[in-house]
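> Okay, here's the structure, questions in a sec.
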Amino acid sequence: MSRSKSESVRNAFLSAARDVFLEVGFEQSTMDQIASRSGSAKSTLYRYFDSKESLFSALIIKASQGNDNEIINFLYCTGDGPQPISSSESAVDSLLFPNHEENCKDALTKFGHYILSSFHTPRALAARRMMITASANPDLGQLFYEQGPNKAIQHLGLYFKPFIERGYLYEADPHVVACHYFGLLESEINEAGLYNVIIQLSEQQITDIVSRAVEVFIRAYVYKSSD
């Protein structure tokens, strides 16, 4: 088998695995289902991957090798939300922090709206549940965390850092500030989403949640003495 054909078959298995994982969950999925979805024999699948754990690991590695944080789009790409951006870094690039609080609030609001619109959707939440289940294997859990959420936090922390250094934001660890910002965005609906209670938000709900989160963030971190 030629190298290009071999790579094509491997990618077909990865695509099939992703779809099956998202539809039925990591725990309930089987190698039979994945082989059937790909249109190839199970014996061929086992020539490439010896288990669904190795498939899952390969999905994460492949996604992370595209663009810096392409794993987010690779796993969550769906038609039920905004068009995905090329990477988490480019998402953060859209979040600018001007010197004026009003503009800063606008930027935080825009970014928060993107996060909730993109990642609090039925398919994105199904993907997160799959990740949590698969993370019973700590190596897989660490791999996903390092290649996905942790990179997004790191990038956002780099954007907060100069504003902390210039005194616009209170002195704090930029990583912690980034974690707090994301935490505020998720605090009202994260658990309800993961437990399959609230899996879709209206535009008004997103607007209200983001507004409250940004208001709390501004009160906590924006330095006021220069006002």
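The values are calculated or read from the model by the stated rules, or taken from the named source; none is laboratory data. Predicted, not measured: the structure shown is a model, and the values here were computed from it. Counting neighbours? That spans all protein chains shown, and the Cβs are built from the backbone with ideal geometry, glycine included. These area figures cover heavy atoms from the full protein model, side chains too; ligands, DNA and RNA do not enter into them. Shrake-Rupley method; radii C 1.70, N 1.55, O 1.52, S 1.80 Å.
> At 1.4 Å probe size, with no ligands or nucleic acids counted, give the accessible surface of Thr133 in Å², nearest ten.
Result for Thr133: roughly 60 Å² accessible.
> For the pairs Lys110/Lys224; Lys52/Lys151; Lys105/Lys161; Lys5/Lys52; Lys62/Lys110; Lys5/Lys62, flag any whose C-alpha to C-alpha distance is greater than 20 Å. Show your work: numbers first, answer last.
Details: Lys110/Lys224 22 Å; Lys52/Lys151 25 Å; Lys105/Lys161 17 Å; Lys5/Lys52 22 Å; Lys62/Lys110 30 Å; Lys5/Lys62 17 Å.
The pairs that break the limit, which is 20 Å between Cα atoms, are Lys110/Lys224; Lys52/Lys151; Lys5/Lys52; Lys62/Lys110.
> Continuing with this model, one more query. Sort Cys179, Cys104 by accessible area with a 1.4 Å probe, largest first. Show your work: numbers first, answer last.
Values: Cys179 55, Cys104 0 Å².
The ranking, largest first, comes out as Cys179, Cys104.
> Related question: Mind listing the long-range amide H neighbours of Leu169? Cut-off is under 5 Å, sequence gap 5 or more, other chains count too, H placed in the peptide plane at 1.01 Å from N.
For Leu169, the qualifying residues are Ile164, Tyr223.
> Let me ask something else about it. Sticking with the crude label model, points 7 Å out along Cα→Cβ, report the distance from Ser135 to Ile198 in nm, one decimal please.
2.1 nm
> Let me ask something additional. Can you pull the semi-axes for segment 120-201, root of five times each eigenvalue of the Cα gyration tensor, sorted largest first, whole Å?
Working: eigenvalues 157, 58, 15 Å².
The three semi-axes for segment 120-201 are 28, 17, 9 Å.
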